[in-house]
Amino acid sequence: MDDRDGKIWQDGSLVDWRDAKIHVLTHSLHYGMAVFEGVRAYQTDEGTAIFRLKEHTQRLFNSAKIFQMTIPFDIDTVMRAQQQVVRENQLESCYLRPLVWLGSEKLGISAKGNTVHVAIAAWPWGAYLGEEGMAKGIRVKTSSFTRHHVNVSMVRAKASGYYINSILANQEALTDGYDEALLLDTEGYVSEGSGENVFIVKNGKLYTPDLASCLDGITRDAVLTLARDLGIAVIEKRITRDEVYCCDEAFFTGTAAEVTPIRELDNRQIGDGRRGPVTAQLQALFFDVVAGKAPQYRHWLTLV
Ligand code: PMP
């Protein structure tokens with residue numbers, strides 16, 4: 001990904017894509033303490049707009065706060081920088097990756113004495129779990145790897161090191177011929193995908209795990225809002241894997257994954273084995289919202 005044209009915002013200014021580099025003795029590279037965001041911008045009739053820019057940027061600052069990393073820019077600057085990156089790279093729709101990391105002043109477990117850096121890159125990225133998955137649903141496997149525990153790593157943060165767990169789970173699922181992993185929490189309840197929140201539909205009601213062990217997903221929050229506004233009952237509660245086997249519909253949400261139906265878990269067909277009607281309704285509304293076609297949710301969009 002390093003050899004391409006374009007600009008990346010790094011520590012306050014735009015640099016050429018190929019020049020956005022760091023030293024091999026960067027603290028975050030060794031110990032994994034960096035925080036990041038995944039954000040998307042979509043084409044709308046008014047121009048390119050970033051979806052829930054404020055919420056993503058606020059979560060980035062919260063993630064940094066959890067690790068006592070002081071971002072040397074204010075939130076408005078980091079929001080404006082994201083708009084600038086999309087504009088400067090002339091992207092109509094894209095994925096954005098803001099990253100906050102510790103510099104290379106010193107190594108050792110103590111992070112003290114290292115400077116805090118920020119970079120923002122953006123590039124086109126289609127359906128994360130594939131166009132076919134988006135339409136027909138994906139095949140998922142319950143992971144042998146357990147999701148984070150609140151007192152091992154703090155899941156309100158979106159931290160780079162946490163993704164070792166995600167990669168292990170995703171790697172295992174893909175090696176075994178599935179499209180994605182579903183991780184359980186330390187007590188065996190459903191938590192989330194390797195990079196997505198999970199929902200199930202049963203008897204017309206929408207269920208999703210509470211936030212004890214999963215990321216407070218911004219797409220999750222959007223889908224909960226859309227569902228409530230459509231008059232669908234939503235319940236946040238502990239969910240067991242056999243509840244997923246026996247539900248009517250299931251889907252993942254995430255900035256990258258958007259709304260992706262799940263058609264199978266652990267070789268058990270879910271519902272009719274294809275995108276269910278509630279999933280289809282929420283997915284269609286979600287894509288209308290991000291494209292600026294649902295005026296009541298216009299406040300979630302920030303033009304670049
Ligand atoms: N859980 C994990 C582990 C993730 O990496 C993501 C993607 N950021 C999500 C859930 C979904 O969060 P969001 O909707 O804010 O992208």
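What the table shows:
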read-out	value
Spans of strands (runs of 3 or more DSSP E) in segment 5-69 with at least 2 residues among the acidic types (Asp, Glu) and touching a residue at least 60 places away in the same chain (Cβ under 8 Å)	none
Failed condition for Val304, given (1) surrounded by fewer than 17 Cβ atoms within 10 Å (Cβ to Cβ); (2) more than 15 Å from the ligand (Cβ to nearest atom)	(1)
Segment 132-151: number of residues that are surrounded by fewer than 20 Cβ atoms within 10 Å (Cβ to Cβ), in contact with an Asp or Glu (Cβ under 6 Å, 6 or more places away or on another chain) and closer than 26 Å to Ser93 by Cα	0
Among residues of segment 127-146, those that are out of contact with any helix residue (DSSP H, G or I) (no Cβ under 7 Å at 6 or more places or on another chain) and either closer than 23 Å to Leu60 by Cα or among the hydroxyl-bearing types (Ser, Thr, Tyr) (or both), counted	2
Within segment 81-140, tally of residues that are part of a strand (DSSP E or B), within 17 Å of His23 (Cβ to Cβ) and small (Gly, Ala, Ser)	1
Segment 169-200, residues that are in contact (Cβ under 8 Å) with a residue 24 or more places away in the chain and among the hydrophobic types (A, V, I, L, M, F, W, C)	Ala169, Ala173, Ala181, Leu182, Leu183, Leu184, Val190, Val198, Phe199, Ile200
Members of segment 124-155 that are among the β-branched types (Val, Ile, Thr) and either touching a Leu at 6+ places or on another chain (Cβ under 7 Å) or not assigned by TED's automatic domain parsing to the domain that holds Glu264 (or both)	Ile138, Val140, Thr142, Thr146, Val155
Pick from segment 164-211, criterion of a type in the set (S, T, N, Q) and surrounded by fewer than 16 Cβ atoms within 10 Å (Cβ to Cβ), ranking: farthest from the ligand (Cβ to nearest atom)	Asn203
Which listed residue, of Thr57, Thr44, is assigned by TED's automatic domain parsing to the domain that holds Trp101 and more than 16 Å from the ligand (Cβ to nearest atom)	Thr44
Boolean, Ile66 is farther than 15 Å from Val304 by Cβ, surrounded by fewer than 18 Cβ atoms within 10 Å (Cβ to Cβ) and of a type in the set (A, V, I, L, M, F, W, C)	yes
Those residues of segment 262-301 which are within 16 Å of the ligand (Cβ to nearest atom) and in a strand (DSSP E or B), in sequence order	Ile262, Leu301
Verdict on Thr255 being touching a His at 6+ places or on another chain (Cβ under 9 Å) and within 15 Å of the ligand (Cβ to nearest atom)	yes
Members of segment 242-252 found to be away from the ligand (no atom under 16 Å from the Cβ) and buried (at least 16 other Cβ atoms within 10 Å of the Cβ), listed by number	Glu243, Val244, Tyr245, Cys247, Asp248, Glu249
Output for segment 256-273, where each listed residue is crowded, with 16+ Cβ neighbours inside 10 Å and in contact with a helix residue (DSSP H, G or I) (Cβ under 6 Å, 6 or more places away or on another chain)	Val259, Thr260, Pro261, Leu265
Filter result (within 22 Å of the chain's Cα centre (by Cα) and either more than 20 Å from Cys94 (Cα to Cα) or of a type in the set (Ser, Thr, Tyr) (or both)) within segment 9-30	Ser28, Leu29
Residue within segment 123-131 that is buried (at least 21 other Cβ atoms within 10 Å of the Cβ) and more than 19 Å from Trp300 (Cα to Cα) present	yes
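A quick yes/no check of all residues on (1) within 30 Å of Asp272 (Cβ to Cβ); (2) of a type in the set (Phe, Trp, Tyr):
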{"residue": "Trp101", "(1), (2)": "no, yes"}
{"residue": "Ala127", "(1), (2)": "yes, no"}
{"residue": "Lys136", "(1), (2)": "yes, no"}
{"residue": "Val155", "(1), (2)": "no, no"}
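The values are calculated or read from the model by the stated rules, or taken from the named source; none is laboratory data. From a predicted model like this one, the values you see are computed outputs, not experimental measurements. For neighbour counting, all protein chains shown are included, and Cβ atoms are generated from backbone atoms with ideal geometry for every residue, glycine included.
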